[in-house]
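The values are calculated or read from the model by the stated rules, or taken from the named source; none is laboratory data. Because the structure is predicted, anything quoted here is derived from the model rather than measured. FYI the Cβ positions are ideal-geometry reconstructions off the backbone, even for glycines, and counts take in every protein chain you see. We work out accessible area using only protein heavy atoms, side chains counted, and drop any ligands, DNA or RNA first. Shrake-Rupley method; radii C 1.70, N 1.55, O 1.52, S 1.80 Å.
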Amino acid sequence: VALSGTLLTVEPLRHTPAGIPMLNFRLAHRSRQVEAGHERQVECEMSAVAMGEVAVGMSRLQAGQAVSVSGFLNRKSRMSSQLVLHV
């Protein structure tokens, strides 16, 4: 999954119990897409998490900055159906 947008929030860098850097952030996406031959406005917000060196690099960014990220989607937790983008 690839997504571009503006950082809404960037939480402080933290570490997992195994010592791996981890960063939670929220991304706002806006674009125009073509569906069934018609253009439409697309707007969404996505929770995301970065791990390792990507987390360290993203921890230097601030809310309001434009970013492009790629990764995969997974549930927030075993008991949740909410999706989180892992970059």
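Rounded to the nearest 0.05, what FRET efficiency do GLN65 and HIS86 have when you use their Cβ-Cβ distance and R0 = 25 Å?
On the way: r = 20 Å, r/R0 = 0.79.
E(calc), rounded to 0.05, equals 0.80.
How high is the FRET efficiency from MET79 to THR9, r the C-beta distance, R0 30 Å, rounded to 0.05?
Numbers: r = 23 Å, r/R0 = 0.78.
It comes out at approximately 0.80.
Share of the chain's accessible area from carbon and sulfur, percent, 1.4 Å?
On the way: 3110 of 5960 Å².
Accessible surface attributable to carbon and sulfur in the chain totals 52 percent.
Provide the per residue accessible area, probe 1.4 Å, for the chain, rounded to a whole number of square angstrom. Could the numbers behind the result be given before it?
Details: 5960 Å² over 87 residues.
Heavy-atom SASA per residue in the chain reads 68 Å².
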Inset, instruction - For the chain, give the share of DSSP beta bridges that are antiparallel, in percent and rounded to the nearest 5; count only bridges with both residues there. - result: 95
Inset, instruction - Just subtract the alpha-carbon distance of ALA28 and VAL54 from 0.36 nm times their residue separation and send over the number in nm, one decimal. - result: 7.5 nm
Inset, instruction - Just name one of GLY37, GLY64, ALA48: the one whose Cα is farthest towards the positive end of the charge dipole of segment 8-87 (beta-carbon charges, Lys/Arg +1, Asp/Glu -1). - result: ALA48
Legend entry - Mean Cβ neighbour count within 10 Å, used as a protection proxy, ranking 32-43, 55-66, 12-23 highest first: 55-66, 12-23, 32-43
